[in-house]
Amino acid sequence: DQQVKQNSPSLSVQEGRISILNCDYTNSMFDYFLWYKKYPAEGPTFLISISSIKDKNEDGRFTVFLNKSAKHLSLHIVPSQPGDSAVYFCAAFRDNYGQNFVFGPGTRLSVLP
Amino acid sequence: DVKVTQSSRYLVKRTGEKVFLECVQDMDHENMFWYRQDPGLGLRLIYFSYDVKMKEKGDIPEGYSVSREKKERFSLILESASTNQTSMYLCASKRGGRAFFGQGTRLTVV
């Protein structure tokens, strides 16, 4: 059973507009949530994270929102740029409980010029 | 900056071969991981290690083994490669709440 879900396999957005990538999870015990970005033939790179005790974290063009009651988080990219075109993975883990990250299946974002 | 280095970017191996994928990290991290990435399935954990000579099975350990003789090095071994092990393999090390990934190894088994 997938504990972290990304129900949209792909998303296309016009350059300059907002990109919203969604992630749902089932395990209410997760302590941290992270977003990773992956280009083809490269390893994932860390983008932004949020603790389960917060509802928003912002870093430049990237903002992550967490809705614990809905077990939902989203990544907002404003404004979107062509270089943002990549696969985005949502991940979660429990602190002090094993060391494993649980990853979603990913969403492929295409930012059109 | 943390550096996680995988020994090969691309590998082509024959069915039945024994395959070694090597990973080295330079930040003295205790925790290291091997994932495979397949389209639509995300990153799935094969094995992880939380210390030298310590290892734990992940979600899909069948057909794989690992070795961690030194803290900085974590090796993934395909005992007898099969075509369903064709995939992108990603090594990571962890510090606190963040995983740092290598560049990946695209393995093709023919």
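The values are calculated or read from the model by the stated rules, or taken from the named source; none is laboratory data. On a predicted model such as this, the values are computed, not experimentally measured, just so you know. Because the Cβ atoms are built from the backbone with ideal geometry, glycine has one as well, and the counts that use them run over all protein chains shown. Accessible surface is based on the protein model in full, side chains and every heavy atom, while ligands, DNA and RNA are left aside. Shrake-Rupley method; radii C 1.70, N 1.55, O 1.52, S 1.80 Å.
Label positions at A:ALA41 and A:SER69, each projected 7 Å from the Cα along the C-beta direction, are separated by 4.8 nm. Counting only other chain Cβ atoms within 10 Å of each residue's Cβ, the peptide B:92-104 averages 5.
For A:ILE53, neighbours were defined as the other residues whose beta-carbon sits under 10 Å from its Cβ, and their charges (Lys and Arg +1, Asp and Glu -1) total 0.
Of the residues in segment A:44-61, those shielded by at least 30 Å² of accessible area once partner protein chains are present, compared with the chain alone at a 1.4 Å probe, are A:PRO44, A:PHE46.
Nonpolar atom fraction for the protein assembly as shown, defined as the carbon and sulfur part of the 1.4 Å probe accessible area, stands at 47 percent.
One decimal place: the segment B:LYS53-B:THR86 gains 9.2 nm when fully extended, by the rule 0.36 nm per residue minus the C-alpha distance. Here A:ASP59 and B:SER65 are evaluated by their C-beta separation; at R0 = 41 Å the FRET efficiency comes out at 0.60. Each of B:PHE20 and B:GLN103 was given a label point 7 Å from its Cα along the Cα-to-Cβ line. The distance between the two points is 2.1 nm.
What does the charge count near A:CYS23 come to, summing +1 for each Lys or Arg and -1 for each Asp or Glu among other residues with Cβ under 10 Å from its Cβ? Residues close to A:CYS23 contribute a combined charge of +1. Using a 1.4 angstrom probe on protein heavy atoms only, the contact between B and A buries about 1600 square angstrom of accessible area, both sides summed.
Taking only protein heavy atoms and a 1.4 Å probe, what accessible area per residue, in Å², does chain B have with all protein chains in place?
Here the per-residue accessible area is 49 Å².
In the protein assembly as shown, taking the dipole from charged Cβ atoms about the Cα centre, the farthest positive-side position among A:SER28, A:SER10, A:PHE62 is held by A:SER10.
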